[in-house]
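Working notes, beginning with the structure itself.
The values are calculated or read from the model by the stated rules, or taken from the named source; none is laboratory data. Owing to the predicted nature of the structure, the values given are computational and were not obtained by experimental measurement. Here the Cβ positions follow ideal geometry from the backbone for every residue, glycine too, while neighbour counts run over all protein chains shown. When the accessible area is computed, the model is the full protein with side chains, heavy atoms only, and any ligands, DNA or RNA have been set aside. Shrake-Rupley method; radii C 1.70, N 1.55, O 1.52, S 1.80 Å.
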Amino acid sequence: MDSIIIEESGPLYGKIPIAGAKNACLALMPATLLSDEPLTLTNAPRLSDIGTMTVLLQSLGVEVESLNDGLVLALSSHALKTTRADYDIVRKMRASNLVLGPLLARTGEAIVSLPGGCAIGARPMDLHVSALQALGAEIELKDGYLHARTLKKGRLSGGEHRLKFASVGATENFIMAACLAKGRSQLKNAAMEPEIVDLVRCLRSMGANISGEGSNTVTIRGVEKLHGATHSVVMDRIELGTYMLAPVIAGGEVELLGGTVELLETFCEKLTEAGVEISKTANGLKVKRKLDTIYPVDVKTAVYPGFPTDLQAQMMALMCISNGVSRLEETIFENRFMHAPELIRMGAQIDVQGGVARVEGVSKLKGAQVMATDLRASVSLILAGLAARGQTKVGRVYHLDRGYEKLVEKLQNVGAKVERVN
Ligand code: EPZ
């Protein structure tokens with residue numbers, strides 16, 4: 001099992017390219033199930049989660065070809081061979097649940113294993129189920145699998161639904177299923193994440209009739225068929241936010257190629273409050289500290305456009321070296337502070353009470369041997385290691401490979417003392 005070793009790294013200078021969004025690509029790939037014509041995705045990120053989705057789709061009979069060093073994915077589901085998504089694949093990645101809606105809409109049936117809990121919480125599927133039932137699906141839970149089908153294996157019928165919570169995945173499953181349903185559908189309290197807007201852009205290029213994406217009400221007029229398309233995956237705003245913090249924590253000035261403030265407004269506002277200078281360049285964003293001091297800021301995660309839960313752990317790493325006390329409240333997941341005990345091993349002063357972490361900044365963290373627990377927690381430990389005295393060793397870095405392509409290389413290219421060992 002690989003580890004990543006980080007030495008205290010002086011100021012960082014240089015450029016970091018930002019890849020295509022994992023959480024957009026994981027919704028775009030299942031969209032191929034909605035058409036028997038080829039879907040080509042460009043600017044695809046090279047991540048193990050994309051590999052897992054590839055294996056899942058191939059198990060359903062989808063042809064998936066990775067071209068141009070993984071930057072291009074050529075998908076075709078003209079010959080599906082089963083409607084059953086097996087537990088042994090689904091358990092590896094919750095996003096596997098995004099085949100439920102498109103498979104049901106295309107074939108009239110979908111048998112998808114429940115994803116099971118994961119490190120950051122129980123993560124049930126109730127919101128997905130009720131959303132698809134509003135489109136006429138009959139769904140029952142049997143032996144840990146959701147058995148979904150349409151009446152007489154016919155088409156879904158358009159319907160209206162209000163989500164109890166603006167779930168990203170439930171919004172994506174509803175929209176994809178409604179594309180082929182008979183008649184008009186409308187989703188209220190829909191999630192507004194940029195990855196959903198990107199999915200809708202792709203579906204529209206496949207011939208779908210959708211409006212309202214990016215707002216909390218999305219309207220879809222079903223069509224008989226969708227055709228093939230080529231779509232470029234939107235930039236990964238979570239990777240962007242993660243690397244924006246590297247020069248803030250370690251000092252220096254780094255340009256994030258392809259970065260834009262638009263997709264991270266709340267996060268950028270908080271960074272500015274903390275004393276960070278963010279400037280637009282011809283090729284992206286430049287980030288550096290204004291002064292040597294990092295000011296404490298309070299953060300409360302929320303659905304988009306609020307502060308992203310996927311950047312909470314990384315922000316905590318920064319607050320560990322602020323010159324005051326900050327309060328981070330996690331409202332999306334019930335257990336997303338597992339990076340806190342690891343940061344405490346590095347000398348951070350953090351007190352977690354339920355969904356709130358109180359962080360008292362210290363002048364310097366100390367390198368330590370720490371353990372990654374989930375994707376974003378592991379990268380927050382890497383960021384903390386950049387500014388910690390001595391050596392930090394992060395274990396179980398397979399978590400990182402799920403969401404950060406070429407992380408060691410990207411950080412080395414701006415001068416970080418980081419290496420991967422097994
Ligand atoms: C997406 O997960 C992202 N994953 C997550 O990113 C992200 O943290 C999350 O949205 C919130 O922004 C992908 O897009 C592949 P949700 P998703 O449904 O769709 C509860 C990362 O690090 N819930 O909005 O699964 C759920 O338990 C990952 O890249 C139900 O209760 O998130 C959670 O507490 C982590 N019932 C909350 O809603 C349901 O039926 C948010 O879940 C569905 C969800």
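Entry remark, the stretch 90-109: residues being within 15 Å of the ligand (Cβ to nearest atom) and of a type outside the set (Lys, Arg) number 10 in total. Considered as a group, the residues in the stretch 159-185 that are surrounded by 20 or more Cβ atoms within 10 Å (Cβ to Cβ) and either of a type in the set (D, E, K, R) or in contact with a His (Cβ under 9 Å, 6 or more places away or on another chain) (or both) include one that is farthest from residue 333 (Cα to Cα), and that residue is 185. Checked against (1) surrounded by 20 or more Cβ atoms within 10 Å (Cβ to Cβ); (2) away from the ligand (no atom under 12 Å from the Cβ), residue 131 passes all but condition (2). Scanning the stretch 291-343 for residues that are assigned to a loop (DSSP other than H, G, I, E, B) and among the hydrophobic types (A, V, I, L, M, F, W, C) yields a count of 11. Within the stretch 282-310, residues that are without any contact (Cβ under 8 Å) to a residue 12 or more places away in the chain and loosely packed, with under 15 Cβ neighbours inside 10 Å reach no partner that is part of a strand (DSSP E or B) and of a type in the set (A, V, I, L, M) with beta carbons closer than 8 Å at six or more positions or on different chains.
Here residue 100 meets the list (1) part of a helix (DSSP H, G or I); (2) open to solvent by 70 Å² or more (accessible area, probe 1.4 Å) almost entirely, failing just condition (2). Do we have residue 37 as more than 24 Å from residue 373 (Cβ to Cβ) and either outside any strand (DSSP E or B) or β-branched (Val, Ile, Thr) (or both) here? When the stated conditions are applied, residue 37 passes them.
Can you tell me which residue is surrounded by the fewest Cβ atoms within 10 Å (Cβ to Cβ) among those in the stretch 382-406 that are of a type in the set (A, V, I, L, M, F, W, C) and either under 18 Å from residue 95 (Cβ atoms) or in contact with a strand residue (DSSP E or B) (Cβ under 8 Å, 6 or more places away or on another chain) (or both)?
Here is the first cut: in the stretch 382-406, the residues of a type in the set (A, V, I, L, M, F, W, C) are 382-384, 386-388, 394, 397, 400.
Checking the rest, the ones that are also either under 18 Å from residue 95 (Cβ atoms) or in contact with a strand residue (DSSP E or B) (Cβ under 8 Å, 6 or more places away or on another chain) (or both) come to 382, 384, 386, 388, 394, 397, 400.
Working: 382: 27, 384: 31, 386: 26, 388: 28, 394: 28, 397: 22, 400: 24.
So the residue we want is 397.
Just one of (1) in contact with an Asp or Glu (Cβ under 9 Å, 6 or more places away or on another chain); (2) open to solvent by less than 50 Å² (accessible area, probe 1.4 Å); (3) more than 30 Å from residue 337 (Cβ to Cβ) trips up residue 155, so point out which. Among (1) in contact with an Asp or Glu (Cβ under 9 Å, 6 or more places away or on another chain); (2) open to solvent by less than 50 Å² (accessible area, probe 1.4 Å); (3) more than 30 Å from residue 337 (Cβ to Cβ), the lone unmet condition for residue 155 is (2). Taken over the stretch 40-81, the residue count meeting the criterion of being more than 15 Å from the ligand (Cβ to nearest atom), assigned to a loop (DSSP other than H, G, I, E, B) and within 17 Å of residue 236 (Cβ to Cβ) is 3.
When the stretch 359-379 is examined, which residues are found to be within 16 Å of the ligand (Cβ to nearest atom) and either under 18 Å from residue 415 (Cα atoms) or among the β-branched types (Val, Ile, Thr) (or both)? Lay out the reasoning, then the answer.
Looking only at the stretch 359-379, we keep the residues that are within 16 Å of the ligand (Cβ to nearest atom), and these are 372-379.
Those that are within 16 Å of the ligand (Cβ to nearest atom) and either under 18 Å from residue 415 (Cα atoms) or among the β-branched types (Val, Ile, Thr) (or both): 373, 379.
Every residue, every condition in (1) under 28 Å from residue 10 (Cα atoms); (2) of a type in the set (A, V, I, L, M, F, W, C); (3) surrounded by 21 or more Cβ atoms within 10 Å (Cβ to Cβ), yes or no:
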| residue | (1), (2), (3) |
| --- | --- |
| 314 | yes, no, yes |
| 317 | yes, yes, yes |
| 323 | yes, no, no |
| 329 | no, no, no |
| 335 | no, no, no |
| 346 | yes, yes, yes |
| 356 | no, yes, no |
| 364 | yes, no, no |
| 380 | yes, no, yes |
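Is it true that some residue in the stretch 178-194 is in contact with a helix residue (DSSP H, G or I) (Cβ under 8 Å, 6 or more places away or on another chain), within 16 Å of the ligand (Cβ to nearest atom), of a type in the set (Lys, Arg) and more than 28 Å from residue 81 (Cα to Cα)? No, the conditions are met nowhere in the stretch 178-194.
Taking the criterion of being modelled with pLDDT of 95 or more and either among the hydroxyl-bearing types (Ser, Thr, Tyr) or assigned to a helix (DSSP H, G or I) (or both), the residues of the stretch 82-94 that qualify are 82, 83.
Filtering the stretch 147-175 to residues that are farther than 23 Å from residue 25 by Cα, within 16 Å of the ligand (Cβ to nearest atom) and not hydrophobic (A, V, I, L, M, F, W, C) leaves 161, 162, 164.
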